[in-house]
2 protein chains.
Amino acid sequence: MAMIELSLTDVTACCAPLTREPLEADNADALARSLKALADPARLRLISMVAAHEGAEACVCDLTEPLGLSQPTVSHHLKVLVDAGILTREKRGTWAYYSLVPGALDSLAGLLRTV
Amino acid sequence: MAMIELSLTDVTACCAPLTREPLEADNADALARSLKALADPARLRLISMVAAHEGAEACVCDLTEPLGLSQPTVSHHLKVLVDAGILTREKRGTWAYYSLVPGALDSLAGLLRTV
DNA sequence: AGCACATATCGATGAGCGTCAATGTATGGC
DNA sequence: GCCATACATTGACGCTCATCGATATGTGCT
C-alpha cells in the first residue's frame, strides 16, 4: 500500500515556523512524522555517515559494519529515511547508493527556528 | 530515579552540525532523545500554542481543551518537554505556567542545518 | 475545617517500533 | 546455467510510548 512519502515536502511547503502561530492538527502530524524519522540514533548516524562519505553518497556495505547493526536493520533504517524524503536511493549495478536530499534537513531546521 | 534531563544542552554544546562529520554513538543518542521529545503531534502543537499564547506562556488549563486530550495526557506531554529542556515550568498559585526555553529550538535547528 | 479547582502521579492497556534470523530478489562473473 | 554477492522483505519478539481513568497533592476561598 502507498504510505505517506511526501510528509516532508508537504509540511515544509505549508507551514510557518513552529512558534509563529498555533499548528493545525494535520500539519502537526506531518511534522511529527518527519521528526520521528530523524529521532533515532542509528538513523542520525546513518545520515551523518552518508554526508561525510566521499562523494556524499554511500552504499549499505559501507554503513553496516561501522554502525554495528545487522544488514536488514540498516536497510530498514535507510528505507525510513528515504520514505521521509531525507535520503535518496540510486541503484547502480549490485549496489544501492544513498545520498542526502538537498535542502531536506534545512527545511526542517527552518521550521524549528524561532528567530 | 534521576533521568537524563540535560540531553539538549549536552548535545547542542558539543556537536558539529549533523552533516559535518560522522556522529559518535553517544552524541547520536543524546540528539535522538531531544528529537524524540519533539516528534509527537501533541507536543508540537503544545509548543506552538505556548509560543503563540499571550505573554508567551500558558497554563495547562489553556491547553487541554483546544488540544482535545485529557488533562493527565497534557501534563505528561508538558513534562516530557520540560525534561528535554524545551519548556520551563513556573508555578504561580494554583496554576503552572509553561513557556519556551529561549534558544532551545534554535540550537536543535542549528544541528540539522547543512549550510 | 471543608470544599472546589488546578495539576501531577499511578497503573493499565494497546499501538508502534527497533532489532534480528531467515528468506527472497536481483545482478554480475565463471 | 550456476554460484557468490548486495540488498530488500518477512515474521517474530521485546520494549517503549501515548493515552486514559482513578487517585493523590496542593492551593485558595469561605
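The values are calculated or read from the model by the stated rules, or taken from the named source; none is laboratory data. Here the structure is a predicted model, which means the values were calculated and not measured. Ideal geometry is used to build each Cβ from the backbone, glycine not excepted, and the neighbour counts take in all protein chains shown. For the accessible areas, the whole protein counts, side chains as well, though only heavy atoms, and no ligand, DNA or RNA atoms are used. Shrake-Rupley method; radii C 1.70, N 1.55, O 1.52, S 1.80 Å.
Worth pointing out:
- Within region B:18-69, considering residues that are farther than 21 Å from A:Glu24 by Cβ and part of a loop (DSSP other than H, G, I, E, B), the one farthest from DNA strand D (Cβ to nearest atom): B:Arg20
- One residue alone among B:Val115, B:Val101, B:Val80, B:Val60 is at pLDDT below 95 and either at the interface with another protein chain (Cβ under 8 Å from one of its Cβ atoms) or surrounded by fewer than 20 Cβ atoms within 10 Å (Cβ to Cβ) (or both), and that residue is B:Val115.
One line per residue, one yes/no per condition, for (1) more than 9 Å from the chain's Cα centre (by Cα); (2) of a type in the set (Gly, Ala, Ser):
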site: B:Leu38; (1), (2): no, no
site: B:Ser48; (1), (2): yes, yes
site: B:Glu54; (1), (2): yes, no
site: B:Cys59; (1), (2): yes, no
site: B:Thr64; (1), (2): yes, no
site: B:Leu67; (1), (2): yes, no
site: B:Val74; (1), (2): yes, no
site: B:Leu78; (1), (2): no, no
site: B:Ser107; (1), (2): yes, yes
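- Criterion: touching a strand residue (DSSP E or B) at 6+ places or on another chain (Cβ under 8 Å) and either open to solvent by 40 Å² or more (accessible area, probe 1.4 Å) or within 15 Å of DNA strand D (Cβ to nearest atom) (or both) - qualifying residue of B:Thr88, B:Thr73: B:Thr88
- Among residues that are of a type in the set (A, V, I, L, M, F, W, C) and in a helix (DSSP H, G or I), B:Val115 is not included.
- Among the residues making up region B:93-106, those that are in contact (Cβ under 8 Å) with a residue 12 or more places away in the chain and of a type in the set (Gly, Ala, Ser) are B:Ala96, B:Ser99, B:Ala104.
- Filter pass, A:Thr94 being among the β-branched types (Val, Ile, Thr) and open to solvent by less than 40 Å² (accessible area, probe 1.4 Å): no
- Residues in region A:64-92 that are touching a residue at least 24 places away in the same chain (Cβ under 8 Å) and either more than 8 Å from DNA strand C (Cβ to nearest atom) or in contact with an Asp or Glu (Cβ under 9 Å, 6 or more places away or on another chain) (or both): A:Leu67, A:His77, A:Leu78, A:Val80, A:Leu81, A:Asp83, A:Ala84, A:Gly85, A:Ile86, A:Leu87, A:Glu90.
- Residue list for region A:21-49, restricted to those being more than 7 Å from every other protein chain (Cβ to nearest Cβ) and closer than 17 Å to B:Glu21 by Cα: A:Ala42, A:Arg43, A:Leu46
- Scoring A:Cys15 on the criteria (1) modelled with pLDDT of 95 or more; (2) open to solvent by less than 80 Å² (accessible area, probe 1.4 Å) leaves a single failure, condition (1).
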